[in-house]
Each structure stands twice: as structure tokens, then as C-alpha cells.
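Here's the structure we're looking at; comments come further down.
The values are calculated or read from the model by the stated rules, or taken from the named source; none is laboratory data. This is a predicted model, so every value here is computed, not measured. Note that each Cβ is placed from the backbone with ideal geometry, even for glycine, and that neighbours are counted across all protein chains shown. With ligands, DNA and RNA removed, areas are computed over all heavy atoms of the protein, side chains included. Shrake-Rupley method; radii C 1.70, N 1.55, O 1.52, S 1.80 Å.
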Amino acid sequence: MSRFKLSSILKRKRPDSTSTSQGLTDQEQIVYKVIHEKENMGMWLRDIKRRSNLQDAIVNKSIISLQAKNMIKEVVNVKNKGKKHYMAVEFEPSTELTGGAFYDDGILNVEFINIMKKICLQKIKQLKVATLESVLQQIKTSGAIKADLKEHHFEEILGALVLDNEVMEVKSNGMGEFGAIPEGKVCYKAFGKQRVGAAAEPGIGAMASMPCGVCPRIRSCTPDGVVSPSTCVYFQKWLEF
Amino acid sequence: MVSQHGILYAVHLITNQFGNLVAKVCECLLRNGALTLQAIVRRTELSPAKVRNCLLVLIQHNCVQAFILEESVSGEDAGEPGKALTLYIALFVNILHRVRFSKFMDVVSKELGGSCGELFRGLLEHGRLTVKQIVDRAGANAKESTNTVQEDLGKLVMAHYVECCPAPEPLVPPPDADTKKRAKSSKVMVEPLTLEQRVMAVAMPSVMRRFSFVPNADQVADDQQNVNQPPSKDVGEKRKLHDLESDTALEEEVECNWRANFEELLRRLRHKACVDTIKVRFDDAAATVLSAMLEASRAEEDKVKTANSVPLSLNTIYEEVVKNEKNHSMTFDHVRTCLEELSCPPTFVKTDDESYSIDFTKITEAAQSEEIESIVLKRFGETAYKIFRLLFRAGCLMETDKIADRIFVEKKETSKTLFKMWQDGYLLMEKLVVGGTATGPSYGGSSYLLWKVNKRLLRETVLDEMFHAALNLNLRLAHEIDQNKEVLNLPPDKREGPDKQKFDRLRNVRLLIHSSLMKLDEAIMLFHDF
Ligand code: SF4
């Protein structure tokens, strides 16, 4: 409902009217309607205030009352934990709000994610060249993961392994080790001999192995300035023998 | 355009090797581009004689090139038509090469042996030399050793490690009108040549002349009899004589100065860097195959930054692989498998019709992003490393929430890291307001922050930081030496107790800084030259 319509309801009825069929005041009805409209997405308190066009104090009072009548509930939005969100009780929070399978009570379940990564990495190593489907297949047959996870969850985990530099993403060219995989299909491979054990830790580059290369103050460092190579504490530490 | 710290670093190198005056002139050219002698005099407030001497030193060491702009000779707007103005331009990259001499020496000595290496060292130390000067330097008076020196020089020229020097003051035409037109009509972006590139293009002798050296012991002997006459007069005399016979002969016989050909040496170092990258990403066998491909296509490469090697057949590659005794155990199939591996995306080797060619650009980019990734990891931490890899691969704008989801990190931490990286110039940020009024998101809209890695800008930022870091390492070394002057001046038998400790520490400091500088220079080459 648009803001215009909501305000016109207000204009037609007296603001302090108390008689409604559900035992809700006019203001409570407006607030409830606004929240209900958002279904399983829930609504941020500030947005409720803006959409209903009511005074802050009235909205706050209405929300307390609607909660007491068990018509709305407060929900956590993983993306904005500091912002209070409300939802009509009949809806279950969407995965966008809860964060989905990888969140527990609005908190990222790092332990679970790490276990998932470990299992997927193990399977890729076993398979040498893996596709999303072959990893899934392996995991299903081994029964390693009990949680109810969909294909896209595994795709996200494999994507994270690539970003961690644990595995590399390559496209099959249909030859050699990719013989059984159609050309152009995305595959995952663990690194060659040299990289095993060194994964997730890229080779230390030239810059990363000296203080200036990773220095947070490099932008303010000048030969004769307050921060300078001759007075630098990072150098002092690096050159301690 | 050379970055700020690039200039500071180059000036530092010149100061160290040629002193403050020469460095002042060099800095003036690096900061202002090509200038006439008078303009340098005005800006540096040095006497014309001093500036001229400094320029001669810089030219002798291939750090400056003189030239005449054709516009200044014939331009109608020119105040005095027909009056040619000589301009001087600093060759930034050649200044950087001065720290690579040991790497260049290594390449030459390994490939052509110690005596060629020794001769080559002379050229690096003196910048440019005539055959006679080369022979004199080798102390070769007897005709026999003269022959050996000339043979070595012949080998160096043949391998393109040594070249005939560019023309001293070439006439540089205005930018080619044709090139401009082509750049306009072509869909592919054609970068216009820089003034430095245009100058060097006309200054360099033709390939024939650049790499043709005919050993001639008699000529050197003749030259030795005329030691008292300036070389230019010698050349003049010879010219007159040959003039009577033929013009072509004259062109070939004019005595030229010889110098190290940095381009070829850089190409060799680029090859080495490519092989190293492949070795880390794949294995020794893949690196061997790549080496063989580089060797087989070497003769066809004519630029440092060649994007692709010429296509090679599997047979040619295999033949090249087994030329090396170490690789005799490699089978034809093994070579083919390596090539198949290398041709998987990211396609370091391109295949077409049973032929294979190396994609240098892809290999270089892979090595560059590895270097940047390692900086990001150490400087900003693991979350930043993941963010960087995500955005670098995506190549487009991405919203904070989406980034947090993809890397499995809480939004708050993701946001904090993104800001840190943005402040240091590693990311670009854009604010997007959706559904709000003109007065902003507070009137009903939402605002989103979008992030992106701009690869070109990032490479420039990182390169400038590399120059800064190299300068700092040099300054710190100078500071350490200055602080320990007294200990350094003590005779070895007087170095005891704390003095000995200080001395030993300084030795370690030197070793660490020198090795870091060498490594850093390899990274600078990766970003600046390859
Ligand atoms: S000298 Fe010290 S302060 Fe300056 S950039 Fe290097 S590490 Fe940072």
C-alpha cells in the first residue's frame, strides 16, 4: 500500500479511534498491514515508521501491542543485525534474512563451513579432476554430510575453496585428464605436487617479504620525514640479527 | 609517464653511480621530458659546460638520447626555420637496467662462456666502446688474442646480446599521420607511441647493421697505428676512401660503437620468469616443455613484450625438448600431455590446428596477480585476500553483501576490510542509490556500496610502491653503513667484542638488503618491463 493511501486512511478516521473488528486500534492496523505486506522478508523499524507515516511514539507503542497480541515477531536479519526487523507471525523468515544453511541463529556457522570445505577438498583430491556433480555424488555415497544441503550450497563451498586458493577452477578441454568431462565444463583441481601443503598460502612475493612491501605507513614515509627509512621501526625489527 | 617514486628511485641510482651533478641533470630530464641544453641550464642553474659534461656521461652510459625534432627544423611556426634544435631525453628503463647488470652477466656467461662474459662486463661498465677500445681493454696486443676478442664480440653480436649503438642525433619525424588514422578507424585500441619510443625507433640502426660484426684483425691493427688520431677522423678518412667505390660499402664500414642490447637480455629474463611461473603452477615437466618452446621460437621474437610466440608443431617442440640430454627420458606422449595441461584455461599455451603458441601475456598476468595477492594477504589479512581474489576474477562491481556471502565472512568484517583496501588504493568504490529521491536515500531509497579491482590502476599503484620500497631499501642500507663507519674502518685484527658483533651484523644486513633488492627488481621487471 502506498504512503498516500495509508495517510488517507488516517485522515478519514480519527487518530485515537479504538474500535475495530480485531480489537486493534487504527494505528495498530496500519502498522500491522505495513509489516504483513512484506511477508517473509520482514521490515526494518525505520521503514515501518516511514511507510506508515505515523509518529515514532505511536509506531513504537503499536509494535509493543502487536507483539503482545502475538501478531508480529522480531526477527534477525543477518545482513543488518543492529537493525530491528519485524514480521507477521504466520511467516517463517526467508533465507535472505536468516542467511540460509550456513547460518545458525543469525551467526555465520564457521565451524560447519570449515568442515564442509574440508570434506569437499578431500573429495576433489581423490577425484584429481572434479566437477560439482562428481563431488556431490561422492559425498552422497560416502554419507559424510547429513545436513539437508542443496546443489547450490556445494557450489558456494567449491567457490570459496577457489578463493582460499585451495583448489583451482579450470574449464575442461575434453583432452587428457579431462577426457571423460565435456568440453567447456567447469572443473576443480587440487594444486600440483609443489603446491600440496603450501595451499592457501601463495608463494611469498618479493614485496611481501620485506617491510615496505606490506607497510601500512608507506604513503606517509619520506626520506627526511617523521616516518622515514632511517628511523623506521619495522626495518629495525627486520634487521635484528 | 614515470611515477613519482620511479623518478626518485632512478635519481637515487644515478646519484650513487655518477654523483649529484649528473643526477641533477638526469632528474631535470625525467621530470620535464625532452629538453634542449639551454632549457636544462635554465632549470638546473648549472653552467652550460657542466650540463654538457653531465649529458655526455649519461649518453655514454645509454641513459640519455639526443635527437632533433623534425618540426623544429622545418615547421612553419618555428621562429627560425632551418635552425635545428637538439633535444635530450632520459631513458628511464635504461637507468633501471643498471641494477640488473649482474643478472645480465649471468645470462651471457652461462650461454657463451667466461671470456664472452668478461668482454660483456666491459661494455656494461663503460656503456659503449669501439672495437679498438674493446681490444685494448682486453689487453690484447698480439694479433692472436685480438682475433679471440673479435671472435667473442662476434659471438655476442650474433646472439644479439651486443648491438651497434643508436645514431647520436637522429632526426625524428612528427607522429605518423597514418598511425593516427589507423588508430581512429581500428576497433582495437592502438596506443600511440611515446616520444621516447619514437626517438629510439629512428635512432636504432637497421637490423642488418645493428647486428652485423665482421671480425677484422687488420683493421684493428691499423687503428692501433693511428692511436693518436681521434676515432671520428679515422672514420672520416675511411669514408672518403670508400666513397669513391660504393655508397653501400660506406654504410657498412663506418665504425660503430658497441653496447649491450638490453632488449635481448630482458627477453631472456622474461623467458626465465615465465618458466619459473609455470614450474610453480604445474611441474618440472611442463616447465621443460615451455623452455623448449621458448628456445625454438626465440629467433622469431622481435619485441620484449611479444604477446604470443610463433606457433610450433608438436614435432618441433619434441625435437627441442630432447636436444637436452637431461630430457631424453621424456616421451612424445608426455610432452603432448604437458601441452594439453598448459592449454587448459587460463590457456598459457594456445592451440590451433595441431600447433602450439605461448601466451606470454597470460603467463605474465598470472605472475603479477600472484605477487599482488601475496602483498594483499600480508598487508591486509586473509579476508582481504579472499575479497581480492573474488573481485579480481569477477572484473566487475560487486556489492558488499554479495562479497560477504561469497567469501563466507561476516558483513561487518568484510566492510571494514573493504574500506581499508580502498583507502590504500587497492580497490575502487562506487555508491549506488536505488529508489530514493534526488535528496538521497533517507527519503525512501536504499544505498549500496559497490567495489571493484581496476587491474590497470592497481598495477600502477603496486609498481609505484615497488619503486618506493626499492628506494627505501637503498636509503636504509646507506644509513646502516653510515652508522657503522667506524667499525668498517677498523682493520680486521682490531675488530673484537662489540665491534666484531656490529661488523657481523652489518654483513648480514647487507646480505639481506641486497638479496631483497634483487628479488624486488625481478618484481619490478614483471610489472614494468614484461
Ligand atoms: S621504511 Fe618503514 S615506514 Fe617507510 S615504508 Fe618502509 S617499512 Fe614503512
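Checked against the criterion of being facing chain A (nearest Cβ under 8 Å), more than 13 Å from the ligand (Cβ to nearest atom) and under 23 Å from residue A:231 (Cβ atoms), segment B:470-479 contains not a single residue that satisfies it. Considering (1) modelled with pLDDT of 90 or more; (2) within 16 Å of the ligand (Cβ to nearest atom); (3) open to solvent by 30 Å² or more (accessible area, probe 1.4 Å), the lone condition that residue A:211 does not fulfil carries the number (3). Residue pairs whose Cβ atoms lie under 7 Å apart, separated by 6 or more positions or on different chains, with the first residue in segment A:51-64 and hydroxyl-bearing (Ser, Thr, Tyr) and the second part of a helix (DSSP H, G or I), are A:52/A:6; A:52/A:30; A:52/A:31; A:52/A:34; A:52/A:59; A:62/A:27; A:62/A:28; A:62/A:31. Applying the set (1) of a type in the set (Lys, Arg); (2) in the same structural domain as residue B:426 (by TED's automatic domain parsing); (3) in a strand (DSSP E or B) to residue B:350 leaves exactly one unmet item: (2). If you go through segment B:460-469 one residue at a time, do you hit one that is away from the ligand (no atom under 16 Å from the Cβ) and either out of contact with any strand residue (DSSP E or B) (no Cβ under 9 Å at 6 or more places or on another chain) or not assigned by TED's automatic domain parsing to the domain that holds residue B:513 (or both)? Within segment B:460-469, one or more residues are away from the ligand (no atom under 16 Å from the Cβ) and either out of contact with any strand residue (DSSP E or B) (no Cβ under 9 Å at 6 or more places or on another chain) or not assigned by TED's automatic domain parsing to the domain that holds residue B:513 (or both).
Pairing residues of segment A:165-186 that are closer than 30 Å to residue B:384 by Cβ and in the same structural domain as residue A:125 (by TED's automatic domain parsing) with residues that are among the hydroxyl-bearing types (Ser, Thr, Tyr) and assigned to a strand (DSSP E or B), at Cβ distances under 9 Å and at least 6 apart in sequence or on separate chains, gives A:167/A:188; A:168/A:188; A:169/A:188; A:170/A:188.
For beta carbons closer than 7 Å, sequence separation of 6+ or different chains, a first residue in segment B:401-423 that is more than 8 Å from chain A (Cβ to nearest Cβ) and a second that is aromatic (Phe, Trp, Tyr), the qualifying pairs are B:403/B:451; B:417/B:380; B:418/B:451; B:420/B:380; B:421/B:380.
Might you let me know whether segment B:406-419 holds any residue that is farther than 24 Å from residue A:81 by Cα and either basic (Lys, Arg) or over 31 Å from the mean Cα position of the chain (by Cα) (or both)? Scanning segment B:406-419 turns up no residue that is farther than 24 Å from residue A:81 by Cα and either basic (Lys, Arg) or over 31 Å from the mean Cα position of the chain (by Cα) (or both). Filtered by the rule that a residue be near the ligand (Cβ under 8 Å from one of its atoms) and in a helix (DSSP H, G or I), segment A:221-237 gives A:233, A:234, A:235. Entry remark, segment B:103-123: residues being open to solvent by 10 Å² or more (accessible area, probe 1.4 Å) and touching a residue at least 12 places away in the same chain (Cβ under 8 Å) number 9 in total.
Taking the stated definitions as given, is residue B:351 out of contact with any Phe, Trp or Tyr (no Cβ under 6 Å at 6 or more places or on another chain), more than 9 Å from every other protein chain (Cβ to nearest Cβ) and open to solvent by 10 Å² or more (accessible area, probe 1.4 Å)? Considered against the rule, which asks whether it is out of contact with any Phe, Trp or Tyr (no Cβ under 6 Å at 6 or more places or on another chain), more than 9 Å from every other protein chain (Cβ to nearest Cβ) and open to solvent by 10 Å² or more (accessible area, probe 1.4 Å), residue B:351 comes out as no. Residue count for segment B:486-520 satisfying the condition of being under 26 Å from residue B:99 (Cα atoms), more than 8 Å from chain A (Cβ to nearest Cβ) and among the charged types (D, E, K, R): 2. Screening the candidates B:473, B:488, B:511 for the property of being part of a helix (DSSP H, G or I), surrounded by fewer than 19 Cβ atoms within 10 Å (Cβ to Cβ) and at pLDDT 95 or above yields one hit, B:511.
Remark: residue B:463 falls outside the filter, which requires a residue to be within 10 Å of another protein chain (Cβ to nearest Cβ) and assigned to a helix (DSSP H, G or I).
In a residue-by-residue description of segment A:168-181, the property of being under 25 Å from the mean Cα position of the chain (by Cα), at pLDDT below 90, more than 7 Å from every other protein chain (Cβ to nearest Cβ) and surrounded by 12 or more Cβ atoms within 10 Å (Cβ to Cβ) applies to at least one position.
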